[in-house]
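Please read the structure below before turning to the comments.
The values are calculated or read from the model by the stated rules, or taken from the named source; none is laboratory data. All of these numbers come straight from a predicted model, not from anything done at the bench. Please note: Cβ atoms are built from the backbone with ideal geometry, for glycine as well, and neighbour counts cover all protein chains shown.
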Amino acid sequence: MLCIATYTDWGAKKAFFVTNITEGNCTQLVHDLYNKRGNMERNIEELKSLDCTRLSCQEFESNQFRLFLHGLAYRLMTNVRDLLPPSIEHWSMNSIRKHLILLPVLIKETARQIAFHWTSTCEWKREFHLLFRAIDRLPPPRS
């Protein structure tokens, strides 16, 4: 049995691993095997949170195309997460969707600019602007 104790702002956090793997040391076992598995399971849960399991069309091709679109949406969201500012880079897909995509904002477009009029209760304005600055610095797409 392997025990790992870490200390966070909220206090001690203990994790116990029971395994029959005898090769390698404890640190290698946790970081190379269990953390990768945990990350994979978290990614699967995030994909499910984008409602990719709703394949309610009658035709196979329609469901296949819908699943393809969900895969593209997931890929886009992972790219957006890579561009997040350090203060929110740990956010889940649901948090990104809730706080940065489903925003209460009025957008006014003129010939020279696009203006965002935020509600007084929107607390993620700064992060939204930082994300758009990061997107603006990306190289143009290849054609």
Consider N43 against the criteria (1) loosely packed, with under 10 Cβ neighbours inside 10 Å; (2) modelled with pLDDT of 70 or more: it satisfies all of them except one. Which criterion is unmet? (1)
If you take the residues in region 92-122 that are modelled with pLDDT of 85 or more and of a type in the set (D, E, K, R), which one is farthest from R42 (Cα to Cα)? R112
Of everything in region 106-122 that's in a loop (DSSP other than H, G, I, E, B) and touching a residue at least 12 places away in the same chain (Cβ under 8 Å), which residue is nearest to E89 (Cα to Cα)? C122
Name the pairs whose Cβ atoms lie under 8 Å apart, with the first residue in region 81-93 and among the aromatic types (F, W, Y), the second outside any loop (DSSP other than H, G, I, E, B), and 6 or more positions between them or separate chains? W91/R81; W91/H99
The number of residues in region 127-143 that are without any contact (Cβ under 8 Å) to a residue 12 or more places away in the chain and either within 16 Å of the chain's Cα centre (by Cα) or surrounded by 10 or more Cβ atoms within 10 Å (Cβ to Cβ) (or both) is 3
Residue check, L83 against (1) farther than 30 Å from A15 by Cα; (2) exposed (fewer than 14 other Cβ atoms within 10 Å of the Cβ); (3) under 22 Å from the mean Cα position of the chain (by Cα), all met but one. Which one? (2)
Determine which single condition K98 fails, assuming it passes every other condition in (1) closer than 30 Å to T119 by Cα; (2) without any contact (Cβ under 8 Å) to a residue 12 or more places away in the chain; (3) assigned to a loop (DSSP other than H, G, I, E, B). (3)
